[in-house]
Amino acid sequence: MIEQQKKIAKQMLDFYKSAFDNTFNALSVAQEQTEKMVNMFLEQVPVMSEEGKKAINEWVMAHKKGRRDFKATVDESFKKVQSFFEMAEKEEK
């Protein structure tokens, strides 16, 4: 019974990881497309000052860094949980 519960828990973890990765990747693509549109807009707007363009580019870069950091944190958390299941499995054997 416990073995079956562990198997179900591991399958749920794998599902959550897959769902997170797929959603994160889809959102990343949408954000990258938005960034391209903003960059095209900035190139075509002559009234936008260089200082304004620089501020927007810095904001975009900060957003990208935040996205990378978030992904790394979530991935590390998934690794810790997977490691826990692997250790529990080894202890049983």
Exercise. Hey, in the GNM for the chain with a 10 angstrom Cα cutoff, which one of Lys54, Lys17, Lys79 fluctuates hardest?
Worked result: Lys54
Problem set entry | Nearest-ten-degree value, helix 2-44 long axis tilted from longest Cα axis of the chain | 10 degrees
Exercise. Of Phe20, Phe41, Phe78, which has the largest mean-square fluctuation in a 10 Å C-alpha GNM of the chain?
Worked result: Phe41
Seminar exercise, completed: Helix-only [θ] at 222 nm, the chain, -39500 (n - 2.57) per DSSP H run of 4+, per residue, nearest 500, equals -34500 deg cm²/dmol
Problem set entry | Calculated over the chain: convex hull of Cα atoms, volume per residue (Å³) | 72 Å³
Exercise. Looking at this model, which pairs from Lys10/Lys80; Lys6/Lys71; Lys7/Lys71; Lys10/Lys64 are more than 21 angstrom apart at the alpha-carbon?
Worked result: Lys6/Lys71; Lys7/Lys71; Lys10/Lys64
Exercise. So how tilted is helix 50-92 from the main axis of the chain? Cα-based, degrees 0 to 90, rounded to 10.
Worked result: 0 degrees
Problem set entry | Rounded Å value of the spacing that divides the Cα centres of the stretch 1-21 and the stretch 47-67 | 40 Å
Exercise. When the chain is treated as a GNM, springs tying every alpha-carbon pair under 10 Å, which of Ser49, Ser77, Ser28 comes out with the largest mean-square fluctuation?
Worked result: Ser49
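Where a number appears in this text, it was derived from the coordinates with a stated rule and is not lab data. Remember, predicted model here, so these are calculated numbers, not experimental data.
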